[in-house]
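A short write-up of the structure that comes next.
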Amino acid sequence: MEKYLYIALFAPIVSSLFAGLFATSPKKQFVGVITSGLLALSWFSSIRLLFGLHEKVLHVKLFEWISAGNFHLDFGFVADQTSIIMMVTVTTVSTLVHVYSNYYMEHDKSFNRFFSYLSAFVFSMMILIMSDNFLGLFIGWEGVGVCSWLLIGFWYHKADQPREVYPSISPSWAANEAFIMNRIADLGMLIGIFLIYWNLGSLEYDKVFANVDKLSHGTLVLIGIFLFIGAMGKSAQFPLHTWLADAMEGPTPVSALIHAATMVTAGVYLVIRAFPIYESIPEIGYLIASVGAFVAVFAASMALVNNDLKKIIAYSTLSQLGYMFVAGGLGAYWIALFHLMTHAFFKSVLFLGAGNVMHAMHDELNIKKMGALEHKMKWTMIIMTVASLALAGIWPFAGFFSKDKILETAFSSHHYFLWFLLWLGAGMTAFYSFRLVMLVFKGEPRYKKLGVHPHEAKNYAIYAMAPLALLALVSGFFEHGFVHYVTKMLPELEADIGSGTFIFLLVVTLGIALSGIVFAVKKYSNNNLKDLFEGTFIHKLLINQYYIPVLYEKYITDPYAKLSNFAWEKVDMKIVDATVDLIATIIYGAGDKSKVIQSGNLSKNLKLMVFGLVVLLVAVVISQLG
Amino acid sequence: MTIGLTHYLVLATILFVIGLMGVIRRTNLLLLFFSTEILLNAVNIAFAAISKYYADMTGQMFSFFIIAVAASEVAVGLGLLVLWYKRNGTIDLNSLQEMKG
């Protein structure tokens, strides 16, 4: 079985290096085919691990990594229930996204480079989820950050646009924003890791989690908070959320793979992985759940009125990540993992559908300018509708099973306010999902004004999306097997509510989701483009993302830029540079003055020599006398 | 009055200073050679005197080496001097100013 672990881990890096060989050459179709094949190999190995390990845990150590003083760390990998579920999810989505990218990037001149980056991302992600210690996790964590930066800024040559102009900013700006925000959070995470090592002397999961009860409560709280700060950055939770919406500047397959299905869920994975720590500090868990519930509603509200096709889905991702954090924070780790998995399937396919629409509309993103695409893009519409139903949480789609469990958990643990927020979020989710579907696919063909001729995506792109759509449809039914599998490792949390309450919750949740859908369908059916709260202050607030980017710019970025300018112009130029310049000037001047010695006149030179000799003699005599 | 080591050393010093002054003051290359010879021989006298004083032959051996080296130096130097005179018609030191800083 070990060989499957190695294949699953290293096939993506082989794929990346292979594609990297052709990075500067023009498009080569075989690069796309071979990288997709290698990713499929990785997926196959993960599946083999899922079914072949028979619920054993596979632990391998590649070599001794760090040995300094008392600190020993092996470069080890582990395939336990949590990481195998993650591996299967990640490789499934990334294989299909690789196949899809062959279609999406077919006219891009950097086709080969794109595949190199995409595979490198999958490799980093595999390191992140398979590592058996916090340091390896951190390496993967940074690796996905770098790949995300490379991929958001893939079209780095696009010019900067001021913020007021629709859609927004430039890819390189967005890439830098994402990278810098993640650096801030990573510092928190690094402090958390240091605290663990400081107090326990080891970073391996097994050793750390076995000794959690030896730590004082205060230390655990600190560790929990700092690790969560890291998770907040990667999973774009408030207040570090602004980068995710801007990251939509990247190519759409990137948004599907990185900013919906895999990388952004790394924060949730960290909370699940570190569950022995979070289990012993329920108050921090409650904090995490509160942040999650807040973000779930906060992000969903921004999606209600936005007109940018990809940004709506991005906010929806944020909101769903909030749901996962609620589950993780309340101790329902397996539910968080379950929602992570189902969300990866339906959200990635939703993004891929958005990619088809963008191609058809020549990169137009404003959904108000689309409409009536149902006749031109039947399959895309069917797939996106399935994904939206899953997202809204309608039976029997995947989202119903996982999201409902989260609501149940919140209710049964008596966090009624959190439950209420999530319930509200569920309604909003249903509304904005179907607002998107209605505005894009129904109504009148408003796109005719743009002079574009929409067309359905190529067949193999649809075939690549179909498995994900199918999973969005059926993966909820895996629940029983899933629970059985992951609770070998994660704590089983049974919601102890009576069947009456259970049915009540079911009805209430399904009710708000359905009424959200019906409301959206009715509201936008007659080619009506008027949004909720249009013309009011609330609408302005929502469409400007609560003015948070503006506030960040005004109170953080601008003062920081001013400070940097001050440091540059006053401190660096006037003090540091001036000192260095002064030294150089003195030496240069001294040389200029003393070059007359080199007159070429021999007798003058001899005189100087004698003079020097006399001076030295006098110095010797004086020093001897002294 | 017996002549001791001091007298020899004083003589050597006087000769050395004369040679040094010659090196500094003269501009005629031939006279410059003379001055260097005086410098070298002043040292030779000091070597021989100290060698005798300590009954150690090393100093006298050194004198021989210096005489030999000085002889070859003069041979080469005079050859170059003749060449220089043929080319420039002068052996003035100031005619040798070609390498200026």
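The values are calculated or read from the model by the stated rules, or taken from the named source; none is laboratory data. On a predicted model such as this, the values are computed, not experimentally measured, just so you know. Quick reminder, even Gly has a Cβ in these numbers, built from the backbone with ideal geometry, and neighbours come from all protein chains shown.
Looking at A:W243, A:W198, just one residue is among the aromatic types (F, W, Y) and surrounded by 21 or more Cβ atoms within 10 Å (Cβ to Cβ), and that residue is A:W243. Can you work out which of the residues in the range A:389-409 that are assigned to a helix (DSSP H, G or I), of a type in the set (A, V, I, L, M) and over 11 Å from A:L422 (Cβ atoms) is farthest from the chain's Cα centre (by Cα)? Once the filter is applied, the top-ranked residue is A:L389. For the range A:207-240, taking the residues that are touching a residue at least 24 places away in the same chain (Cβ under 8 Å) and outside any helix (DSSP H, G or I), the one that is surrounded by the fewest Cβ atoms within 10 Å (Cβ to Cβ) is identified as A:P239. Scanning the range B:11-43 for residues being out of contact with any helix residue (DSSP H, G or I) (no Cβ under 6 Å at 6 or more places or on another chain), within 11 Å of chain A (Cβ to nearest Cβ) and of a type in the set (S, T, Y) gives a total of 1. Filtering the range B:50-59 for residues that are under 22 Å from A:L613 (Cα atoms), at pLDDT 90 or above and not hydroxyl-bearing (S, T, Y) leaves an empty set.
Scanning the range A:427-443 for residues that are over 18 Å from A:L514 (Cβ atoms) and part of a helix (DSSP H, G or I) returns A:L439, A:V440, A:F441. Considering (1) on the phi < 0 side of the Ramachandran plot; (2) more than 24 Å from the chain's Cα centre (by Cα); (3) not aliphatic (A, V, I, L, M), the lone condition that A:S319 does not fulfil carries the number (2). Only one entry in A:S36, A:S94 is more than 18 Å from the chain's Cα centre (by Cα) and of a type in the set (S, T, N, Q), namely A:S36.
The requirement of being surrounded by 24 or more Cβ atoms within 10 Å (Cβ to Cβ) and not basic (K, R) is not satisfied by A:L304.
Residue count for the range A:469-495 under the criterion of being assigned to a helix (DSSP H, G or I) and either over 29 Å from A:L96 (Cα atoms) or of a type outside the set (A, V, I, L, M) (or both): the result is 10.
Of all the listed residues (A:S148, A:S172), the sole one being under 27 Å from A:I13 (Cβ atoms), part of a helix (DSSP H, G or I) and at pLDDT below 90 is A:S172. The listed residues are B:V43, B:V23, B:V82, B:V76, and the only one of them that is within 13 Å of the chain's Cα centre (by Cα) and over 16 Å from A:L602 (Cβ atoms) turns out to be B:V43. Looking at (1) surrounded by fewer than 19 Cβ atoms within 10 Å (Cβ to Cβ); (2) touching a helix residue (DSSP H, G or I) at 6+ places or on another chain (Cβ under 9 Å); (3) not in a helix (DSSP H, G or I), find the lone condition where A:L424 falls short. For A:L424, the failing item is (3). Can A:I586 be described as modelled with pLDDT of 95 or more and either more than 60 Å from the chain's Cα centre (by Cα) or surrounded by 10 or more Cβ atoms within 10 Å (Cβ to Cβ) (or both)? Criteria met by A:I586. Name every residue in the range A:444-487 that is among the basic types (K, R) and modelled with pLDDT under 85, in order of residue number. Of everything in the range A:444-487, those that are among the basic types (K, R) and modelled with pLDDT under 85 turn out to be A:R446, A:K448, A:K449.
Restricting to the range A:278-320, give me the number of residues that are among the aliphatic types (A, V, I, L, M) and touching a His at 6+ places or on another chain (Cβ under 8 Å).
Within the range A:278-320, the subset among the aliphatic types (A, V, I, L, M) is A:281, A:284, A:287-289, A:291, A:293, A:295-297, A:299-300, A:302-305, A:309, A:312-314, A:318.
Adding the requirement that they be touching a His at 6+ places or on another chain (Cβ under 8 Å) leaves A:281, A:289, A:295, A:299, A:305, A:314, A:318.
Total satisfying the criteria: 7.
Cβ separations smaller than 7 Å between residues 6+ apart or across chains give the following pairs from the range A:304-316 residues that are of a type in the set (S, T, N, Q) to residues that are surrounded by fewer than 24 Cβ atoms within 10 Å (Cβ to Cβ) and not in a helix (DSSP H, G or I): A:N307/A:N366.
Where helices (runs of 4 or more DSSP H) sit wholly within the range A:251-298, those with at least 2 residues that are hydroxyl-bearing (S, T, Y) occupy A:252-256. Any residue at all in the range A:85-107 that is within 19 Å of A:G250 (Cβ to Cβ) and surrounded by fewer than 17 Cβ atoms within 10 Å (Cβ to Cβ)? Yes, some residue in the range A:85-107 is within 19 Å of A:G250 (Cβ to Cβ) and surrounded by fewer than 17 Cβ atoms within 10 Å (Cβ to Cβ). Scanning the range B:44-101 for residues that are assigned to a helix (DSSP H, G or I) and within 14 Å of chain A (Cβ to nearest Cβ) returns B:G77, B:L80, B:L81, B:W84, B:L93, B:N94, B:S95, B:L96.
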